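The values are calculated or read from the model by the stated rules, or taken from the named source; none is laboratory data. As the structure is a prediction and not an experimental result, all values here were calculated from the model. Using ideal geometry, Cβ is built from the backbone for each residue, glycine included, and neighbour counts are taken over all protein chains shown.
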Amino acid sequence: MKLIRNYKGIAKLGLAYSGGLDTSTIIMWLSNKGIYVNAYYADLGHDNKSTILNIRDKAILNGASTFTVIDCKELLCNEAIKAIKSRAFNFITGTTKYYNTTPLGRVVTSIELTKRMISDGIKVWCDGSTYKGNDIERFFRYSYLVSSNVDYYKPWLDDSFISRFGGRGEMIAFLKKKHANTPFSIDSNILGNTYEGNDIESLGFNTTGINFITSGNITNAAYYNKPISLEFNFVNGNITSVNGVVVSNLSLFRMLNDICSLRGIGISDQVEERVTGIKSRGVYESPSMYILHNVYDRAITCLYDYEYISNYNNNGYILGSNLYKGKWFDDISSNMKLLGINTCDRINGTINISILGGNIFFTNTNLKHSIYNSDLVSMERSKVNYFSGSDRIGQLNILSNLINRDRINWDGRI
């Protein structure tokens with residue numbers, strides 16, 4: 001394996017192609033230099049067949065020798081469920097989370113495209129990730145994990161490419177207006193949409209003006225008053241049906257995305273720290289991940305005690321950070337994923353929710369082995385005296401011993 005610093009000497013390579021401005025520019029720039037560019041597109045469930053055909057036509061128009069579509073939808077949904085079960089989310093602003101939708105997409109894209117390139121005899125991997133971003137490391141980590149015999153050419157590490165293209169305006173001009181100029185870039189997959197770059201880089205940019213792909217214009221709140229009721233059936237930690245309809249992981253995400261359309265669910269605005277230490281801003285929309293995280297979270301809080309949940313959350317934060325950095329398969333991550341899966345294996349039963357006003361309301365939780373006990377918590381007289389006033393007196397006497405210790409260092413001031 002080697003990192004190729006200059007395009008000279010490359011006869012053929014495989015490009016992870018999204019149809020975006022960077023990768024479209026790369027195709028034309030390299031093909032103009034006589035290099036055969038085989039474009040590989042990961043179908044992550046966000047584009048329909050017609051859109052993929054248009055992306056193919058764009059790749060060929062810009063100079064790609066071949067265009068190959070690789071179906072990654074189901075694999076992506078499977079990895080997303082692992083992340084949800086493990087709470088692999090580390091960026092949290094207030095009460096909103098970033099659900100690592102793009103890092104999860106990079107996992108399956110890197111691995112599946114590398115496998116296909118190898119089978120096609122391609123020995124050089126190429127992508128459009130920049131030297132300031134996270135993806136340059138994610139793509140490298142996962143691709144190299146598949147094979148150590150693949151070389152890597154990153155145009156944004158090639159001085160000749162960087163000197164030719166200093167920004168979006170130059171790339172658009174190079175493509176001769178074959179690519180539209182947009183106020184920000186969008187990275188999408190079936191799990192959600194990422195909005196970043198350009199206008200969004202300014203912390204003064206008002207995100208309420210974004211026309212979100214799933215939620216549309218969030219300033220139009222007429223739909224908020226139409227509640228939607230969902231019943232999730234769990235068997236050994238897996239959701240097997242929603243409202244009686246049998247689902248796979250893939251159909252589950254598709255269903256929830258459709259149901260949550262125009263609901264303003266799962267939108268977050270995050271200031272994050274990239275792998276390089278650079279702060280950046282991203283606006284994320286992931287309604288299906290938001291709902292599933294909350295439903296699984298409800299189950300976990302009913303099945304486990306505080307100490308277990310606290311450690312589980314801490315592990316999830318570490319795992320989320322590893323996922324963000326491209327370390328989804330290192331030793332720590334692999335063990336933490338197993339913990340998440342084993343933790344959720346105990347979830348059996350149903351959870352009912354109502355979606356209203358951009359919020360989730362739990363209407364019923366009926367789980368086997370739940371440690372939630374309404375008789376124990378109720379102030380009403382019950383048939384079984386689980387916890388009496390006398391029991392509380394004993395507990396307070398024990399507590400007094402701890403307070404005596406605290407009194408030693410207390411100076412009497414508030």
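Screening A11 with (1) farther than 28 Å from N342 by Cα; (2) out of contact with any Leu (no Cβ under 7 Å at 6 or more places or on another chain); (3) in contact (Cβ under 8 Å) with a residue 60 or more places away in the chain gives one miss only, at (3). Step by step: first the residues of the range 255-286, then only those that are aliphatic (A, V, I, L, M) and in a strand (DSSP E or B), then the one that is farthest from V242 (Cα to Cα). Which residue is that? Ranking the qualifying residues of the range 255-286, first place goes to V271.
Among the residues of the range 270-277, is any of a type in the set (A, V, I, L, M) and touching a Ser or Thr at 6+ places or on another chain (Cβ under 9 Å)? Can you show your working first?
Within the range 270-277, the subset of a type in the set (A, V, I, L, M) is 271, 275.
Subset that is touching a Ser or Thr at 6+ places or on another chain (Cβ under 9 Å): 271.
Yes, the range 270-277 has at least one match.
Identify, by number, the condition in (1) more than 30 Å from N238 (Cα to Cα); (2) at pLDDT below 95; (3) of a type outside the set (F, W, Y) that D47 doesn't meet. That leaves (1) as the condition not met. Residue count for the range 63-115 satisfying the condition of being touching a Phe, Trp or Tyr at 6+ places or on another chain (Cβ under 6 Å) and without any contact (Cβ under 8 Å) to a residue 24 or more places away in the chain: 0. Screening I172 against (1) under 19 Å from L262 (Cα atoms); (2) touching a helix residue (DSSP H, G or I) at 6+ places or on another chain (Cβ under 8 Å) leaves a single unmet condition, (1). Screening the range 1-81 for strands (runs of 3 or more DSSP E) wholly inside it with 2 or more residues that are closer than 19 Å to T109 by Cβ and among the aromatic types (F, W, Y) returns the ranges 36-43. Can you tell me which residue in the range 296-348 is surrounded by the fewest Cβ atoms within 10 Å (Cβ to Cβ), limited to those that are small (G, A, S) and assigned to a helix (DSSP H, G or I)? Step by step, filter the range 296-348, then rank; the result is S310. Annotation note: of T130, T95, T102, T66, the sole residue that is surrounded by fewer than 21 Cβ atoms within 10 Å (Cβ to Cβ), closer than 17 Å to S286 by Cα and of a type in the set (S, T, N, Q) is T95. When L396 is tested against the conditions (1) aliphatic (A, V, I, L, M); (2) more than 18 Å from N233 (Cβ to Cβ); (3) within 19 Å of the chain's Cα centre (by Cα), the lone failure is (3). When T109, T93 are screened for being among the hydroxyl-bearing types (S, T, Y), within 19 Å of the chain's Cα centre (by Cα), within 30 Å of N342 (Cα to Cα) and in the same structural domain as S163 (by TED's automatic domain parsing), only T109 passes. On the stretch given as the range 211-246, residues that are modelled with pLDDT of 85 or more and either more than 26 Å from I353 (Cβ to Cβ) or aromatic (F, W, Y) (or both) total 4. Selection of first residues in the range 354-368 that are within 11 Å of I265 (Cβ to Cβ) and at pLDDT 90 or above and of second residues that are of a type in the set (S, T, N, Q) and not in a strand (DSSP E or B), restricted to Cβ pairs under 8 Å at least 6 apart or on distinct chains, gives the following pairs, ordered by first then second residue: I360/N294.
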